[in-house]
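So the structure is just underneath, and the comments pick up after that.
The values are calculated or read from the model by the stated rules, or taken from the named source; none is laboratory data. Just so it is clear, the structure is predicted and the values come from calculations on it, not from any experiment. Glycine also receives a Cβ, built like all others from the backbone with ideal geometry; neighbour counts cover every protein chain displayed.
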C-alpha cells in the first residue's frame, strides 16, 4: 500500500475556520440561554425551584463545552500555522469538494435545528440527523452525502411549511411520521448501497443503534433525571415515553 501524505497546514487551516464558526454558534446560543432563569430561579414573579432544575442548565453545559472546544481548536490551529495558511491564497481557495461537503453539512444542521427540533419528536429527528451525518460523511462518498442531506431537508421543509405556526408544533403528528419514514428510507438505502459495494462495516451496522440509543438516553436523562424541558414534549414518541413513565413505571417503583 502506498503512503498517504496529509497536508497538516491545510488541515489546520480548516480547523482555524471551523473554530471561528463554532465559537460564534456557541456564543450565540449562550446569549440566548442567558435569558432563561438560572441562579436566580425566578421569572415574572414565578419561582422555578433550585438552579439545578433550571432549563438553562443543559444548554449552558453543552454550549459552554463547545465554546471551550472552539478556543482550544483555535489555539492549536494558530500554533501549527493554520491561521497563516487560512489567510493565504491557497487557504482561501477551498476545493470544490470541500465546499460541497461543508454546504451539505450546513443544510443538515440547519434543517435539524430550525426545521425538525421545534416541531418533530426529538428522538426521531435526532435519529435521522445522526444517521445522515454518520453515513453521509464517514467515507466521503458524494452520493451518500447528497442522499443524507436530502433525507433531512425534505421532512424539515415539510415541517416548516405545513406546521410553521407554534400552535401546530405538537399535533398532528404528520411531520413526526414523515421524519420517521425518511429515517427508514435512508437506513434501507444505506444498507442496500453499502452491501452492494461490500462496505457494510461495523460503523454502518451500528449506525441505526447509535442513532436511536444516543438521543433516547439523552432525552430520558434530561426529562426524568435533571427534570429539564425537552423539545416538543408532545412528540410522537416522547409523549408515549412520558405517559408510561408516570402511569406505569413510577407507580411501580413507588410500590416497591
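For the condition in the same structural domain as residue 231 (by TED's automatic domain parsing) and more than 18 Å from the chain's Cα centre (by Cα), what is the one hit in 143, 148?
None of the others qualify; the one that does is 143.
Name the residues in region 68-85 that are at pLDDT 80 or above, part of a helix (DSSP H, G or I) and surrounded by fewer than 19 Cβ atoms within 10 Å (Cβ to Cβ), would you?
If the condition is that a residue be at pLDDT 80 or above, part of a helix (DSSP H, G or I) and surrounded by fewer than 19 Cβ atoms within 10 Å (Cβ to Cβ), then 68, 69, 71, 72, 75, 76, 78, 79 are the ones that fit.
Whether any residue in region 192-203 is out of contact with any strand residue (DSSP E or B) (no Cβ under 7 Å at 6 or more places or on another chain), assigned by TED's automatic domain parsing to the domain that holds residue 138, in contact (Cβ under 8 Å) with a residue 60 or more places away in the chain and buried (at least 16 other Cβ atoms within 10 Å of the Cβ) is what I want to check.
No, the conditions are met nowhere in region 192-203.
May I ask you to say which residue of 230, 247 is closer than 29 Å to residue 33 by Cβ and either in contact (Cβ under 8 Å) with a residue 24 or more places away in the chain or over 24 Å from the mean Cα position of the chain (by Cα) (or both)?
230
When you look at residue 117, is it closer than 26 Å to residue 241 by Cβ and either at pLDDT below 90 or in contact with a helix residue (DSSP H, G or I) (Cβ under 8 Å, 6 or more places away or on another chain) (or both), yes or no?
Considered against the rule, which asks whether it is closer than 26 Å to residue 241 by Cβ and either at pLDDT below 90 or in contact with a helix residue (DSSP H, G or I) (Cβ under 8 Å, 6 or more places away or on another chain) (or both), residue 117 comes out as yes.
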